[in-house]
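Presented below is the structure to which this report refers.
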Amino acid sequence: MTRPRILQMGKLLPSLEQALAAAYDVHLLAGEADPRAFLAREGASFAGVVTNAALGVDAATIAALPGLQVISSFGVGFDKVDVAAARARGIPVGYTPDVLNDCVADTAFGLVIDVARRFSAADRFLRRGSWLQGPFPLATRVSGKRLGILGMGRIGSVIARRASGFDMQVRYHNRRPVEGSPYGYEPTLESLARWADFLVVAAAGGAGTQHLVSREILAALGPQGFLVNIARGSVVDEQALAEALESGTIAGAGLDVYADEPRVPARLIACDNAVLLPHLASGTHETRRAMADLVLENLRSFFATGKVAVAVP
Ligand code: 8YV
């Protein structure tokens, strides 16, 4: 029996690449000097696409694959996958939600604590020898404060659970209230920002959430407020954020995601009141292994039953 041909958009976890190569006839598109010409030549031979949240797969690529039956993406965010183009052809899209909730929520809390208590800044202070000249300046308390969450989905609700260990009050804003949620609902993002000491962005990316965290929202968060983003850079107006950090409109920001990764604006890099991580929230051995397993399971399930195990909604 011939093995299904799978188009791999870019580099993946080496163990995942090995497992894919053992089960399928895999071809790496990113290895092609002229990907468009390659697709024009061989596009019809592929039954599946494997990609990740950062690379996604666009409408032009889907159109260049007339035999495409299934897409399996490594990641919970599918803002870079043209789901509408896939759906129009009845192509199911598998993804990897839930298995990364804990690590992403842990990272959100790491950023909350780091940006308020200034651990990264204090580490720089010690290493440059400044402690010898005097103590590190006082920082801001986390325990007992108000945590506002934009996007009370799978990850947002795990972040909210973490907050109880820090005796924090939690409220959230969503398109609509979550039925049965024990947390207070704020009808607007602005009222949430006004209320919160920490505003954590956990909303999906894409056109519907583009620049939701605007200049006005940052002004509402205020000079004692901190912004944390573990979702997508696109949800925050990055220029307005840089201005707010420079001018003291907000107290600080902890970011794991940016609008144009891996390029981070120099203005953010220059802000000592920002903690900047290189999109690592799901990046632990355990979680990335679980995500890889789900990528494989989505393909296995599709070729065995015609359905992926976990499909995008
Ligand atoms: C990605 C992510 O998996 O899951 C997501 O949506 O953003 C990350 O966990 C990682 O960046 C690889 O694309």
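The values are calculated or read from the model by the stated rules, or taken from the named source; none is laboratory data. Predicted model, so just to flag it, every value in this text is computed and none were measured. Cβ sites come from the backbone with ideal geometry, for glycine too, and all protein chains shown count toward neighbours. Note: accessible area is taken over every heavy atom of the protein model, side chains too, but ligands, DNA and RNA are not part of it. Shrake-Rupley method; radii C 1.70, N 1.55, O 1.52, S 1.80 Å.
Between S181 and A122, the modelled label-to-label distance comes to 3.2 nm, taking each label 7 Å out from Cα in the direction of the beta carbon. For the chain, the 222 nm mean residue ellipticity estimated from helices alone, with every DSSP H stretch of n ≥ 4 adding -39500 (n - 2.57) and the total spread over all residues, rounds to -10500 deg cm²/dmol. Extension gain for D293 to L132 (0.36 nm times residue separation, less C-alpha to C-alpha distance): 53.0 nm. Debye sum, Cα scatterers, the chain, no solvent: what log₁₀ I/I(0) at q = 0.07, 0.15 1/Å? Taken in order of the listed q values, log10 I(q)/I(0) reads -0.32, -1.14. Relative to the first principal axis of the alpha-carbon coordinates of the chain, what is the inclination of helix 285-305, with its axis defined by its Cα atoms, in degrees from 0 to 90 and to the nearest 10? For helix 285-305, the angle is close to 30 degrees. Considering only beta bridges that DSSP places wholly inside the chain, some 5 percent are antiparallel.
Label-to-label distance for A85 and R154 is 2.4 nm, based on points extended 7 Å past Cα in the beta-carbon direction. Computed from Cα atoms, the angle from the helix 101-117 axis to the main principal axis of the chain rounds to 30 degrees. On full extension of the chain, what length is gained from D25 through T284, given 0.36 nm per residue of separation minus the C-alpha to C-alpha distance? My answer for the length gained is 90.4 nm. Residues whose amide H falls under 5 Å from that of V275, counting only those 5 or more places apart or on a different chain, are A253, G254, L255, with hydrogens built in the peptide plane.
Relative to the longest principal axis of the Cα atoms of the chain, the long axis of helix 238-247 lies at roughly 20 degrees. Under a model in which nothing but the beta-carbon of Lys, Arg (+1) and Asp, Glu (-1) is charged, region 90-172 shows a dipole of about 380 debye around its Cα centre. Relative intensity of region 101-276 on a log10 scale, I(q)/I(0) at q = 0.12 Å⁻¹, equals -0.51, per a Debye sum over C-alpha point scatterers of equal strength in the absence of solvent. The 1.4 Å probe gives accessible areas that order S15, S143, largest first, as S15, S143. Under Stokes-Einstein, with the Kirkwood radius over Cα pairs as Rh, the value for region 84-175 at 37 °C and 0.692 mPa s is 204 µm²/s. Residue separation of D34 and E190 scaled by 0.36 nm, minus their Cα-Cα distance, works out to 51.5 nm of gained length.
Taking N as the residue count of region 10-163, its C-alpha radius of gyration divided by 2.2 N^0.38 Å amounts to 1.49. Normalised by the number of residues in region 58-156, the mean separation of alpha-carbon contacts (under 8 Å, six or more apart) gives a relative contact order of 24 percent. 3J(HN,Hα) along region 157-171: 6, 6, 4, 4, 5, 4, 4, 5, x, 10, 6, 8, 7, 10, 10 Hz, from the Karplus curve 6.51 cos²θ - 1.76 cosθ + 1.60 with θ = phi - 60°, whole Hz, x for Gly and Pro.
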